[in-house]
Structures are given as C-alpha cells and as structure tokens.
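Report on the structure given below.
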Amino acid sequence: MIAPHPDDETLIASGVLLHMAQSGGDPAVIVMTNGDLDCLHDGLAREGESVAGLAELGIKEDRVYFLGYPDGGLSQLGRTPLPPRRRMIDGVCEQGNTTYGTRGHGGREYHRSRTGASAQYTHENAVADLAALLAELRPTDVAITHPEDTHPDHAATYALFRSALDRLPEAPRVHRAMVHNGDCWPTGTAPREPCPIANITPDQPTPPLSGRLTGYVPGERLPVPSSCRVRDPEVNPKLRAIAAHASQTRGTLDSYLFAFARSDEVFFPERFEHGERSWWRIDRTGRASLTTQRVKVERDDDDRSLPLAVPLVVAASLSRPPVDEQGSIVRIDLLEDASGSYELIIDADRREASVVRTFKGRIPELLRVWPLPHDLWASKTAEPFEMVIEPRPDDGSVAELALRLRGELVGVAVDVQPRLHGDRIGYSNVFAANGELMVRGVSNVSAFPSVRPAR
C-alpha cells in the first residue's frame, strides 16, 4: 500500500490489509508525506497516528515506511530542491526542505535509513527512494491512490510510483483507489469542506463516483472482513483505525472520513508489460504499436491536417512561451475537427497544465489541472512535453489522457465520453527546440476494440 498522507492507507485499504494480516501475509505500507502542511498538523504526531491505526489492522510498525516528502508539494518536485516550506515537527513550526521521521521501520524516514542522511525535496530523490523500497519489498500487488484523485498529492503519488516502476525489473499488479472525488465523497457531493456529518454505514457498499466521473466504474469490489461490516465503532477495526487519526477526525464520529468504512473497498486495477525503455499499461486485448510522423512548425496559429484517431501521442519540445495579452501560455488542440477538440494548455506563469474538452456551440469542459515542477524552464532550455490519449476498454468506454514532462508522468485525466477522431492538430505559441512538432499516430488500431462514447 502506498499512501500520500498518514490516514489514506486506512481509508483505502483497511479491509485488504486486515485480511492479509489475518491470512498470514506480511503487508507493508509506504507513506509519502508526514501530513505537516503549513504547520496545520504535527508531522511526528501524524506518523504516530498512522502507526496506531495500522496496529488496529494487525500491521506491525516495522512494516510501515515513512518517506517524509513535502505535504502539499509532491506535484511540485523538480530537478532542484524545493525552497524551504512551513511544517510542524514535534510541536515546533519551522521552515525546511529535507525529509525527516522518527517512526516506522528503523525509527527514521526511509532515505536516512538507506543512506545515513536526510534527502532534499527533489523529484529524483522521491523516485529513487520509492524505487529502492519497492525493489527491497518486491510486492506482487500495490494499492495506491488514483491519478484522477482531485487532491494534487494523491495524483502525484501515482505519478511518482509510475516513474519508480520504470526502474524495476518486475511490475506488480496495481490497484488504484479514489479518496477525493469532490472533497466530500463518499458521504455526499458537497464541493468542499466542511463536509456533511458522516452517515456511518459499514454494511453498505461504496457508492458510485459522482460529477464528471459518473459512469466510471471500478473493476474490483473487494468485500471487507465481516468484522469491518459491524456498525459498533468500538468493535469495527476499520472504524478504530480511522479513529486513530484524531488530528483529522477531531476526535468525533462526525468526520466524513468514517464514510469510507463500507462493506467493500473498490479499485481500478491495471497490469503492465515491459516496453523498450519502460513499463506500459496493457489491456486484455494487448497494446497498439506506434509509428512516428514529423510536422514542421512554421509559425504561430498554423494548423496541420492529419488523420488523427486514438490512440494518439503528441510530443513537443517547448521553450518558455512569449507573453501576450493572456500571459505566457501554450495551447495545442488535439483531435480537432468541426465539432471541437481536446485543448492542452500550458501556463508558464502559474506553472500548471490543464486539458479542456471543447464542443461546438457549448461551454468548454475542464477535465483536469496539473501543477508542474517548481523549476520549469529555470534553465531557460526547452522542456519536452508529451500528451498520450488512449482508450481503456478494461475500464469501460473511457479514454485516458496522460501528460508527461521530461519523460516522467505528470498526471492522468479520465474522459468518460471521449473524443475518438479528429482531422487536424492546431497550435499557438509553440516554439519547438528543433523547429519541429512531433506527432506519433497509430499503425495497428486493430489491437484495440472499438470504443464508443458512454451514453
């Protein structure tokens, strides 16, 4: 289990962890941050809460690994260290940008156990720690937060895992879980906290996703042990595990976190096969092969007519865009035709990327916003971006849009009513380092079954 913060492991997989512990397994839990954002909570206290909660599920402290990377900053990790950030350690609010920890395996954060020193907050350090720990543990299965989770740290945890996976000789089966689908899911649809008082229903199944992801159906519903379906909070081990995180529940049963105690735990599974340089997700039907086309960029606001269809990969090496009346922004239209397009927007000033689905005569729909590394374009050299659009038939009639930067996954957007075809690619403010925008199309579409938009 890989959790972004202390408490996510209990929300996602208490039943799975309890079942494994009771069945003679030896599950391990990796926690990416200490939950100490902006001194709102004490990082060491939250480590203790995580250890106490997992003990309710039969997990020994020696099987808990704290990495100690920045709460609220995983998506901003770059090549250079993050600037010092406010965090609370043992009751003291301080500024820092290195890992720390005093609980879990070895009584210290993993990097210090591995190297003898703390790690600076960089993307490479986080990926290297995660890869080394996974190589040491050699799990057959990994539960982790879904890249569509609306909390940036949750989405970034998955992206960091995928980068670590590329360094491993074997790929585990992966089970992605949602925590934030709108801040108050699964107890309601309020867009933000304060959330409704939890209606504790551990004998009821997890409700379907709501909002933009309505119709996105998990491929796994794993029943929890019978003890986790009891309504008595003094008896139910999942409720006790959640209650151990008193800093998050405020010591009452009113917290919406208790709504995660259900009769099942749901996941979106995926499997991988090794490609030329990295692990590729595969479907039951196999994976399409890709060929390469090159399209020369001659000027701004130029369009290129291409036979575009999913799966599609568009890659561009981009210098920092010049400033115009809208700011320092790059826009690339994908699968564009008279009915609309996907639009990838890269905002250099805000250091964020977003993907929008546009429709003729309708208001554009924002699919996803991804924070980008804090040091984007810091060296004043071109940055390589890549957008991959692929159908995911194992997850229903959906497509995933994955953004990569510097060869590393930034994030994934799921579209439950995907665009499948277009007749051109459009771009503005695109300045490729070598004067070219590279478009890779599909040479073997038959490897994927036909995908129809969800109704």
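The values are calculated or read from the model by the stated rules, or taken from the named source; none is laboratory data. Just so we're clear, the structure is a prediction, and the values are computed from it rather than from any experiment. As a convention, Cβ positions derive from the backbone with ideal geometry for all residues, glycine included, and neighbour counts pool all protein chains shown.
Brief remarks follow.
Condition check ((1) in contact (Cβ under 8 Å) with a residue 12 or more places away in the chain; (2) in contact with a Cys (Cβ under 8 Å, 6 or more places away or on another chain); (3) under 22 Å from residue 281 (Cα atoms); (4) among the aliphatic types (A, V, I, L, M)) across all residues:
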position: 95; (1), (2), (3), (4): no, no, no, no
position: 122; (1), (2), (3), (4): yes, no, no, no
position: 127; (1), (2), (3), (4): yes, no, yes, yes
position: 138; (1), (2), (3), (4): yes, no, yes, no
position: 159; (1), (2), (3), (4): yes, no, yes, yes
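- Within region 331-370, the residues that satisfy the criterion of being within 26 Å of residue 210 (Cβ to Cβ), of a type outside the set (Val, Ile, Thr) and touching a Gly at 6+ places or on another chain (Cβ under 6 Å) are 359, 370.
- Any hit, region 156-174, residues being closer than 21 Å to residue 271 by Cβ, in the same structural domain as residue 197 (by TED's automatic domain parsing) and aromatic (Phe, Trp, Tyr): yes
- For beta carbons closer than 7 Å, sequence separation of 6+ or different chains, a first residue in region 362-384 that is on the phi < 0 side of the Ramachandran plot and a second that is β-branched (Val, Ile, Thr) and part of a loop (DSSP other than H, G, I, E, B), the qualifying pairs are 375/80; 378/80.
- Region 195-231, residues that are among the charged types (D, E, K, R), more than 24 Å from residue 17 (Cβ to Cβ) and part of a loop (DSSP other than H, G, I, E, B): none
- Yes/no for residue 340 being within 19 Å of residue 398 (Cβ to Cβ) and among the small types (Gly, Ala, Ser): yes
- In region 207-258, residue surrounded by the most Cβ atoms within 10 Å (Cβ to Cβ) [restricted to those that are among the β-branched types (Val, Ile, Thr) and modelled with pLDDT of 95 or more]: 242
- The number of residues in region 364-384 being over 18 Å from the mean Cα position of the chain (by Cα), part of a strand (DSSP E or B) and within 18 Å of residue 320 (Cα to Cα) comes to 2.
- Taking strands (runs of 3 or more DSSP E) as the structural unit, those lying wholly within region 27-118 and holding at least 1 residues that are at pLDDT 95 or above and crowded, with 20+ Cβ neighbours inside 10 Å correspond to 29-33, 64-69, 85-89.
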